[in-house]
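Working notes for the structure below.
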Amino acid sequence: MSTVRRPDHRSERRAARGAHATGLRHVLTHLITPLLMCIGMGLAYLGAFAHPAPHHLPVAVVGPGRSAQLLAQSINDKAGGELDVRTVGDRSAAVDRLKHQDIFGAYVIPAHGAKGAAGTADASGAKGASYGVDGADRAGAAGAASALSTSAGMSGAGGVAGRGTVPELLVATAASDTSATVVQKVFTPIAAQQGAPLKVTDVAPTTEEDPTGQGIFFLLVAISIGSYASVAVIGGAGAVLPLRLRAALALGTSCVVGLIGTAFAGPVFHLVDHGLGGLWGMAWLYSAGILLIGTGLHTFLRRWTTLGVMTLFVMLNFTSSGGIFRPEMQNGFFAALHTFWNGAGFVEGTRSHVYFDGYGLSGHLWTLVWWLVVGLVTIGVAALAEKRRRTAEAEAAAHAAAVAAAAVAVAVPEPAPERSGRPVRTAGGAAAGHGPAEAAAALEGEREEEMEEAVGV
C-alpha cells in the first residue's frame, strides 16, 4: 500500500514569510533616502524662507547737511540692526550706488520737511509700519516719525530751498524685488509726514515678462534639475564606461542643458532680452560644475549620490542663491553661503550681466569657474580611486586564480609515462625530447584551462 506525501504547507508559509521579510527590509532600507530628503528640504527651505527679516539691509538718505544725517542716525537707532542707513549727498550718487548694488533703497528728502510733522508724529506712529516680513516691525513708523520730526525741525530752521517738493524713494527691483518692497514699506510712513504720497522711482527695472525679477531663480531651478538628474544617468547607467568618457559625457550634457536654459530665458519666456550668449556661458559653467562634481562623487557615494547632489545643489544652493530673498534678508548661515555658492554666482552673475551693465560680473564668473575646478579635481580623485580599486580587484583575481590552479594541480595527477618506444609525453603534452621551457608552457596552458573550468570563467 503506497502513501502519498502531502505538501508541507507550514514550510511553504515559513518560506513565504521569510521572503516577505527580506523584501520588506529591502524596501525600508531604500526608504531612508527619500525620508532624509524630506528632512533636508524642510530644514533648508523653512530655515531660509520661513521668517525672512532684514539684517543690516543697506539703504540711504539723500540730502545735504545735518538734516539727512539726523534722519539717517535716528532710523538706524530705531531699527536695531535691521537697517544700515547711510547718507548720500545727491540723487545721482544714490542712483550710482543702487546700480552698483551698494544700497537697495534711497530716500530723497524733500526740500522742506513739513513743519507740522512733529505734531502728527505720534498719531502716525500709533498705526505702525511693518516691513511686510516677520520680526521686522521693530523699526516701525513710530521711530521713523520721530526721526522725521527731528529732520523737519532742522530743515525748518536752516533748511533746503523748494518748499512743497514731493519725497522720492529710489529702488532697483532688478537687484531684488523683495528688498525693494521692504524698503518701500520702511519709508512710506516717513513720506506720509510730508503730507504727500511717496514717489517711487525704479532705476533698474526688470523686463516686462519678468516683473518680479524672480524668473532668473526659476531658470536656476530648471538648469539645476537638468544637471543633477543627468548625474544619476551618467553615474548609474554609465558606470561600465571609463571615467574619462563619463567626464566627457558630463561636459557635453552641460552644453545641452545650458542651451535649454538659454532658450527658456530668451525666445520661450523672454526673461532676458539681450546678452543670451553670455547667459549660455554662465549656464554652461554652472551646469558643468554640478555634473563633474556629481559624476566624481558617484565613485564614492554610489546609491547615496542623489542625496548628496540634492544636498549640495538644491537644499543649500537654491536657498542661498538670492533669487527670492537677498542675503541681507536671511540668517547668517545662508547669507554666508551666498558669498561663494555656485547658485548665487549664477543668479547674481545673470543679474549683473543683464541689468547692471556687467558691474561685478567678473567676481561671479570666478565663483562659477572655481566650482568647475572643484569638479575637475573631484574627477581626478575619483580616477585615482577607481584605478586603485581596479588594481586591488586584479590582484585579488590573480590570487584566486593561483589558489584554484594549485588546487587543480593537486586534484588531477599526472599520467604515468608509457614504456613503448614512442617519445615520453609529460602531463603538459610536450615530448620528452623538447626543451623544458616548451614543456612548462604546455603544462601551464593546460592548468589555465582547468582553472577556468573550476572557477567558472
ask   = Out of segment 223-239, which residues are surrounded by fewer than 20 Cβ atoms within 10 Å (Cβ to Cβ), closer than 11 Å to THR295 by Cβ and not β-branched (Val, Ile, Thr)?
value = ALA232, GLY236, GLY238, ALA239
Check on GLY261, open to solvent by less than 30 Å² (accessible area, probe 1.4 Å), assigned to a helix (DSSP H, G or I) and within 20 Å of HIS353 (Cα to Cα) = yes
message = Cβ-Cβ under 6 Å, sequence separation 6+ or interchain: first residue in segment 205-227 and farther than 19 Å from CYS255 by Cα, partner charged (D, E, K, R) and part of a loop (DSSP other than H, G, I, E, B). Which pairs?
response = THR207/ASP273
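Answer yes if at least one residue in segment 290-308 is closer than 29 Å to ILE39 by Cα and of a type in the set (Lys, Arg), and no otherwise.
Applying the first criterion (closer than 29 Å to ILE39 by Cα) to segment 290-308 yields 290-308.
Add one more test, that the residue is of a type in the set (Lys, Arg), and what stays is 302-303.
Among the residues of segment 290-308, at least one is closer than 29 Å to ILE39 by Cα and of a type in the set (Lys, Arg), which makes the answer yes.
May I ask you to list the residues in segment 240-258 that are of a type outside the set (Val, Ile, Thr), in a helix (DSSP H, G or I) and open to solvent by 40 Å² or more (accessible area, probe 1.4 Å)?
Answer for segment 240-258, where residues must be of a type outside the set (Val, Ile, Thr), in a helix (DSSP H, G or I) and open to solvent by 40 Å² or more (accessible area, probe 1.4 Å): ARG244, LEU245, ALA248, LEU249, LEU251, CYS255.
Within segment 71-84, which residues are open to solvent by 50 Å² or more (accessible area, probe 1.4 Å) and in contact with a Ser or Thr (Cβ under 7 Å, 6 or more places away or on another chain)?
Of segment 71-84, the ones open to solvent by 50 Å² or more (accessible area, probe 1.4 Å) are 73, 77-78, 80, 84.
Passing the criteria: none in range.
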remark   = Of (1) among the hydrophobic types (A, V, I, L, M, F, W, C); (2) modelled with pLDDT of 90 or more; (3) not in a helix (DSSP H, G or I), VAL4 fails just (2)
key: Contacts under 9 angstrom Cβ, first residue in segment 26-54 being within 26 Å of VAL182 (Cα to Cα) and open to solvent by 60 Å² or more (accessible area, probe 1.4 Å), partner part of a loop (DSSP other than H, G, I, E, B) and not basic (Lys, Arg), 6 or more apart   = HIS51/VAL133; HIS51/ASP134; HIS51/GLY135; HIS51/ASN331
query = Residue check, ALA250 against (1) at pLDDT 95 or above; (2) small (Gly, Ala, Ser); (3) over 16 Å from LEU297 (Cβ atoms), all met but one. Which one?
reply = (3)
remark   = Of the candidates ALA409, ALA404, the one satisfying the condition of being open to solvent by less than 50 Å² (accessible area, probe 1.4 Å), touching a residue at least 40 places away in the same chain (Cβ under 8 Å) and assigned to a helix (DSSP H, G or I) is ALA404
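For residues that are open to solvent by less than 50 Å² (accessible area, probe 1.4 Å) and over 24 Å from ASP177 (Cβ atoms), tally how many sit in segment 85-97. Talk me through it step by step, then tell me what you get.
Applying the first criterion (open to solvent by less than 50 Å² (accessible area, probe 1.4 Å)) to segment 85-97 yields 85, 88, 93-95.
Still in the running and over 24 Å from ASP177 (Cβ atoms): none.
So the answer is 0.
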remark   = In segment 166-190, residues that are free of Cβ contacts under 8 Å to residues at least 60 places away in the same chain and assigned to a helix (DSSP H, G or I) total 4
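Restrict the check to segment 283-290 and report whether at least one residue is among the polar types (S, T, N, Q), at pLDDT 95 or above and more than 18 Å from the chain's Cα centre (by Cα).
Quick first cut of segment 283-290, residues among the polar types (S, T, N, Q) only: 287.
With the extra rule that they be at pLDDT 95 or above, the set shrinks to 287.
Next cut, more than 18 Å from the chain's Cα centre (by Cα) only: none.
Scanning segment 283-290 turns up no residue that is among the polar types (S, T, N, Q), at pLDDT 95 or above and more than 18 Å from the chain's Cα centre (by Cα).
Mind checking which residues of segment 14-25 are within 22 Å of ARG303 (Cβ to Cβ) and open to solvent by less than 60 Å² (accessible area, probe 1.4 Å)?
Taking segment 14-25 and keeping what is within 22 Å of ARG303 (Cβ to Cβ), we get 21-25.
Passing the criteria: ALA21, GLY23.
The values are calculated or read from the model by the stated rules, or taken from the named source; none is laboratory data. What you are looking at is a predicted structure, and each value in this text was computed from that prediction instead of being measured. Using ideal geometry, Cβ is built from the backbone for each residue, glycine included, and neighbour counts are taken over all protein chains shown. Surface accessibility is based on the protein's heavy atoms, side chains included, excluding ligands, DNA and RNA. Shrake-Rupley method; radii C 1.70, N 1.55, O 1.52, S 1.80 Å.
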